Amino acid sequence: MSTFNMIRFGQALKCQFINTRKDWMLVFGIYIVALTFLNNLFVRSASFDGGDYHETVAKHGVAFMENAYPILIKGVAVFDIIFFGIAMLFCGSFLFYHIKKKPWCSAYLMWPASNLEKFLVSLFLNVVLAAIGTIVSIIIADALRVLVDVLSGRVVVWAIPMIFDLKTLNLDPVVAWGPFLSEILLIHAVYILGGTLFRKQQFVLTTIAIVIIGYIMVFTWHSPVIDNANLFDLDEKGKSVPNAWFYVVSIGGYLLTALCYWLSYKIFCRMQVINNKWLNV
């Protein structure tokens with residue numbers, strides 16, 4: 001059997017999606033309900049100049065609220081971004097949850113597909129499908145919030161454009177596509193690795209492992225070079241420009257991300273029907 005075949009990959013993807021579609025529908029349904037409730041709770045409990053929405057409009061007029069309300073909705077956008085990040089980590093850590101039980105694992109390992117194809121199928125569903133489904137859930141939840149605002153006579157301000165605006169998180173484009181993105185991808189890759197390594201409580205155990213390793217690195221590993229490193233230098237005009245450490249952190253993050261994916265695949269290749277109680281080895 002060849003390592004990768006597009007037809008087998010497509011068939012395996014279709015089969016796994018059909019088997020897990022109800023779980024995905026439940027997850028995204030919970031996302032929509034939770035986001036709709038929390039977003040509406042956030043805007044309804046907010047006060048403006050010491051009063052609620054309608055009291056402030058009566059006092060200052062609609063023009064005042066047209067300037068104040070977008071600031072409040074920006075908070076909704078930030079919350080949605082954080083929710084998306086946590087949801088992606090959660091889905092990544094459950095990369096192989098569908099083979100948690102022995103009968104499921106036995107049937108899955110007997111599929112007429114290579115290990116690489118099976119791994120990529122799980123990766124596609126728990127990364128690509130999870131991202132698309134979460135974004136759609138956020139859009140639906142924001143639309144429902146706007147609908148409630150319209151029905152209650154409030155000004156209409158969408159959070160969706162703010163979510164995709166780097167200014168919402170005060171990110172410089174250079175930083176966003178450099179160290180920030182590499183660190184985000186690395187954290188997600190670590191949860192992918194944890195989801196492959198741990199057999200039970202993948203999200204919790206991976207989070208605990210990250211906290212412990214981070215604590216050890218912060219409090220025991222000190223280097224004058226690293227401690228005093230800055231990602232930017234000032235040019236002749238006083239403008240911040242990336243230096244060597246900027247590229248070291250960025251490229252290093254991408255390389256460690258690739259390493260985590262590679263280790264995750266290698267662990268998956270060693271997975272058996274009967275594994276260690278807590279580890280998939």
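The values are calculated or read from the model by the stated rules, or taken from the named source; none is laboratory data. What you are looking at is a predicted structure, and each value in this text was computed from that prediction instead of being measured. With ideal geometry, Cβ positions are generated from the backbone for all residues, glycine too; neighbour counts draw on all protein chains shown. With ligands, DNA and RNA removed, areas are computed over all heavy atoms of the protein, side chains included. Shrake-Rupley method; radii C 1.70, N 1.55, O 1.52, S 1.80 Å.
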If each K or R counts +1 and each D or E counts -1, the residues other than Tyr53 whose Cβ falls under 13 Å of its Cβ total -2
Heavy-atom accessible area per residue of the stretch 120-177, all protein chains kept, 1.4 Å probe, expressed in Å², is 50 Å²
Between Asp49 and Val156, the two model label points (7 Å from Cα along the beta-carbon direction) sit apart by a distance in nm of 2.5 nm
SASA check, Phe79, accessible area w/ 1.4 Å probe, all protein chains in place, rounded to nearest 10 Å², comes out at 80 Å²
Ranking Thr3, Thr207, Thr56 from most to least accessible area with a 1.4 Å probe gives Thr3, Thr207, Thr56
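Would you kindly state how much longer the chain becomes between Phe37 and Glu66 on full extension, computed as 0.36 nm times their sequence separation minus their alpha carbon distance, in nm to one decimal? Before the final figure, lay out each step's value.
Values: separation 29, 0.36 × 29 = 10.44 nm, distance 2.31 nm.
Here the segment from Phe37 to Glu66 would lengthen by 8.1 nm.
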With Cα coordinates, the longest principal axis of the chain makes an angle with the long axis of helix 202-220, in degrees rounded to 10, of 80 degrees
Simple SL model, points at 7 angstrom along Cα→Cβ for Ala58 and Thr207; separation in nm is 4.3 nm
With Cα springs under 10 Å, the Gaussian network model of the chain assigns the largest mean-square fluctuation among Val27, Val190, Val150 to Val150
Phi angles of the stretch 180-188, converted by Karplus (6.51 cos²θ - 1.76 cosθ + 1.60, θ = phi - 60°) into ³J(HN,Hα) in whole Hz with x for Gly and Pro, give 5, 5, 5, 6, 4, 5, 5, 4, 5
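Give me the 1.4 Å probe accessible area per residue for the stretch 1-79, excluding ligands and nucleic acids, in Å². Working shown, then result.
Numbers: 4900 Å² over 79 residues.
In whole numbers, the stretch 1-79 has 62 Å² accessible per residue.
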What the Cα atoms of the stretch 1-124 span along the principal axes, largest first and in whole Å, is 74, 26, 19
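With a Förster radius of 22 Å, plug the Cβ-Cβ distance of Arg21 and Val78 into 1/(1 + (r/R0)^6) and report the FRET value to the nearest 0.05.
Values: r = 31 Å, r/R0 = 1.43.
The calculated FRET efficiency here is 0.10.
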Cys269 and Thr3 label points (each 7 Å along its Cα→Cβ direction) are spaced in nm at 0.8 nm
With +1 on the Cβ of every Lys and Arg and -1 on the Cβ of every Asp and Glu, the dipole magnitude of the chain about its Cα centre, in debye rounded to the nearest 20, is 1600 debye
